[in-house]
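Asker: The structure follows.
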Amino acid sequence: MTNAEPRAATTIDERWQPYRRPQPAEAHPELVIAAAVPQDERVFVPIEENVWFRPLLLSASSGYWMSVLRVRRAGVLSRHRHPQPVHGYVIKGSWRYLEHDWEAREGGYVYEAPGETHTLVVDPHVEEMITLFQVNGTMIYVDPDGAVTGFDDVFTRIDKCRAHYAACGLGADYVDQFIR
Ligand code: FE
C-alpha cells in the first residue's frame, strides 16, 4: 500500500459504526441500574431483622441472582452450602466466615467455591456491611453437621421481592424489571 490516508479514515469511521445487524431474537434485553445501592429505602427487601437485599438481576432463565446484601448489626447471618460458585464484591464494611481466617473488607473481591459450607458473620465493630453478590443456583441452609434446614434460589428471592414491594407500596410488579 502506497498511501494509507484514505484507508485510515475509513477505518476510523468503521470503528464508530454501531453494529448494524439485528440482535438474536431470543436474547433478553439488557438491564442498567443507575444506583446499585438505592436512595429509596423501599427498594431494599428485608430478609430478617437488620438484614436486607436489593435485587439487581434475578436470572430466572439461568438460575442465579445478583444482589446487594446489607447488614446493620453484628451477628451470625447464616450457615449455608453452595452447590455452585458465588462471587462477592465488598462495597462497605467487612464480614467473614467462621470456617476461614480471612476477612472480606471494603473494596475486596471474594470467590466462594462450589461444595463449600460456611457461616457468615458480621463482627461488632462493623456498623454497616454492604456487599454485591452473584449467587448461582441455590443457597442451602444447614445446621453445623450439614443437615438441611432450608434453601433459597432465584425463585424464592423473586417471591420475597414481590411480597415486599406489594406491601411497601412500590407494587408487586416492581420486581419484574429485574427478572430475565
Ligand atoms: Fe456463602
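The values are calculated or read from the model by the stated rules, or taken from the named source; none is laboratory data. Quantities reported herein were computed from a predicted structural model and do not represent experimental measurements. Glycine gets a Cβ as well: all are built from the backbone with ideal geometry, and neighbour counts include every protein chain shown. Calculation scope for accessible area: heavy atoms of the full protein, side chains included, ligands and nucleic acids excluded. Shrake-Rupley method; radii C 1.70, N 1.55, O 1.52, S 1.80 Å.
Asker: Can you find, within the range 124-136, the residue that is surrounded by the most Cβ atoms within 10 Å (Cβ to Cβ) among those that are within 11 Å of the ligand (Cβ to nearest atom) and either free of Cβ contacts under 8 Å to residues at least 24 places away in the same chain or of a type in the set (A, V, I, L, M, F, W, C) (or both)?
Answerer: Among residues in the range 124-136 that are within 11 Å of the ligand (Cβ to nearest atom) and either free of Cβ contacts under 8 Å to residues at least 24 places away in the same chain or of a type in the set (A, V, I, L, M, F, W, C) (or both), the one surrounded by the most Cβ atoms within 10 Å (Cβ to Cβ) is 135.
Asker: Scan the range 91-145 for residues that are basic (Lys, Arg) and out of contact with any Asp or Glu (no Cβ under 9 Å at 6 or more places or on another chain) and report the count. Show your work before the answer.
Answerer: To start, the set of residues in the range 91-145 that are basic (Lys, Arg) comprises 92, 96, 105.
Right, trim to out of contact with any Asp or Glu (no Cβ under 9 Å at 6 or more places or on another chain) and you get 105.
Residues that pass the stated criteria total 1.
Asker: Need at least 3 residues that are within 10 Å of the ligand (Cβ to nearest atom) and touching a Leu at 6+ places or on another chain (Cβ under 9 Å) per element, so show me which strands (runs of 3 or more DSSP E) inside the range 37-123 make the cut, counting only ones lying wholly within it.
Answerer: Working: elements: 45-48, 51-59, 64-71, 75-81, 86-92, 94-97, 103-105, 109-112, 117-122.
The strands (runs of 3 or more DSSP E) meeting that bar are 75-81, 117-122.
Asker: Further, regarding this structure: Is it true that residue 51 is hydrophobic (A, V, I, L, M, F, W, C), free of Cβ contacts under 8 Å to residues at least 60 places away in the same chain and in contact with a Lys or Arg (Cβ under 9 Å, 6 or more places away or on another chain)?
Answerer: yes
Asker: How many residues are in a helix (DSSP H, G or I) and open to solvent by less than 20 Å² (accessible area, probe 1.4 Å) if we restrict to the range 137-161? Spell out the reasoning first.
Answerer: Here is the first cut: in the range 137-161, the ones in a helix (DSSP H, G or I) are 154-161.
Filter once more, keeping what is open to solvent by less than 20 Å² (accessible area, probe 1.4 Å): 154, 157-158, 161.
So the count comes out to 4.
Asker: Ok, one more. Which residue is least open to solvent (accessible area, probe 1.4 Å), if the candidates are limited to the range 27-61 and must be under 24 Å from residue 137 (Cβ atoms) and among the polar types (S, T, N, Q)?
Answerer: Just the residues of the range 27-61 that are under 24 Å from residue 137 (Cβ atoms), to begin with: 27-31, 33, 36, 44-48, 51-61.
Going one step further and asking which of them are among the polar types (S, T, N, Q), we end up with 59, 61.
Working: 59: 5, 61: 75 Å².
Top of the filtered list is 59.
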